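Take a look at the structure below.
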Amino acid sequence: MRTLHGYFRSSAAFRVRIALALKGLDYQQTFIHLRRGEQKSDAYRALNPMQLLPTLVDGDLVLTQSPAILEYLEEAYPTPALLPADTAGRARVRALMNVVACDIHPVDNLRILQYLGTELAQTPAAVETWYNHWIALGFTALEAMLVAGPNGRFAHGDAVTLADVMLVPQVMNARRYGSFDFAPYPRLMGVFAAAMALPAFDLTQPSKQPDAEA
């Protein structure tokens, strides 16, 4: 049985939940509460030395880093395919993925925001300004890349790909910040709406997880 170690609000864990659902793979969840620091326990550190989420255990394999997990799932369980068949298409999907994985998420995840507020003594307003700044830079780039096409219901035409798997959790995170303005990103938000209409995205969203908090 596969085991996903995650947290309902972790966008990286959300990505993996979506991919598992799209591929119809069964798994059980173990919950690691990030805000309580449970990821820093000795037991979890032994499993994931970075003390980050998610970790996927698939048989004897212990897999960390959500982009690597997504690529593993695509290679190990290739149906349905979440990468295009053509080389250029796969490169474009990975570029969209990496705007989130490399440019937005690393500077806007929970541990960075907590460090700004505690160690650097920034006010909540300053932390929110930081968050919105990097989201806006990333979303502006994504909007331009999506508009350039190929156009369709989703990020890369009319088939769901790993680009959608990466984009949706990041949009979901940004929506939790009430001050963020989504008006400049109509194409991105159209992709988000189309994806969230699918059960694999809807049923794996944070609010519908067993460890979700009110």
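Scanning segment 136-163 for residues that are outside any helix (DSSP H, G or I), surrounded by 23 or more Cβ atoms within 10 Å (Cβ to Cβ) and among the small types (Gly, Ala, Ser) turns up just one, Ala155.
Would you be able to say whether some residue in segment 1-15 is touching a residue at least 60 places away in the same chain (Cβ under 8 Å), touching a Ser or Thr at 6+ places or on another chain (Cβ under 6 Å) and open to solvent by 20 Å² or more (accessible area, probe 1.4 Å)? No, segment 1-15 has no match at all. Among the residues of segment 47-83, which ones are open to solvent by less than 40 Å² (accessible area, probe 1.4 Å), out of contact with any helix residue (DSSP H, G or I) (no Cβ under 6 Å at 6 or more places or on another chain) and either assigned to a loop (DSSP other than H, G, I, E, B) or more than 22 Å from Phe154 (Cα to Cα) (or both)? Those that are open to solvent by less than 40 Å² (accessible area, probe 1.4 Å), out of contact with any helix residue (DSSP H, G or I) (no Cβ under 6 Å at 6 or more places or on another chain) and either assigned to a loop (DSSP other than H, G, I, E, B) or more than 22 Å from Phe154 (Cα to Cα) (or both): Asn48, Val57, Asp58. Among the residues of segment 106-123, the one identified as open to solvent by 40 Å² or more (accessible area, probe 1.4 Å) and under 24 Å from Ala183 (Cβ atoms) is Val107.
Checking each residue of segment 192-209 against the condition of being charged (D, E, K, R) and more than 26 Å from Phe8 (Cα to Cα) gives no match.
Look at segment 187-211: where a residue is under 20 Å from Gln28 (Cβ atoms) and a partner is in a loop (DSSP other than H, G, I, E, B) and open to solvent by 40 Å² or more (accessible area, probe 1.4 Å), sitting 6+ places away or on another chain with Cβ atoms under 6 Å, you get Pro206/Arg9.
When restricted to residues that are among the aliphatic types (A, V, I, L, M) and in contact with a strand residue (DSSP E or B) (Cβ under 8 Å, 6 or more places away or on another chain), segment 20-44 contains 2.
The values are calculated or read from the model by the stated rules, or taken from the named source; none is laboratory data. Remember, predicted model here, so these are calculated numbers, not experimental data. Positions of Cβ are backbone-derived with ideal geometry, glycine not excepted, and every protein chain shown enters the neighbour counts. Protein only, heavy atoms only, side chains kept; ligands, DNA and RNA dropped before computing areas. Shrake-Rupley method; radii C 1.70, N 1.55, O 1.52, S 1.80 Å.
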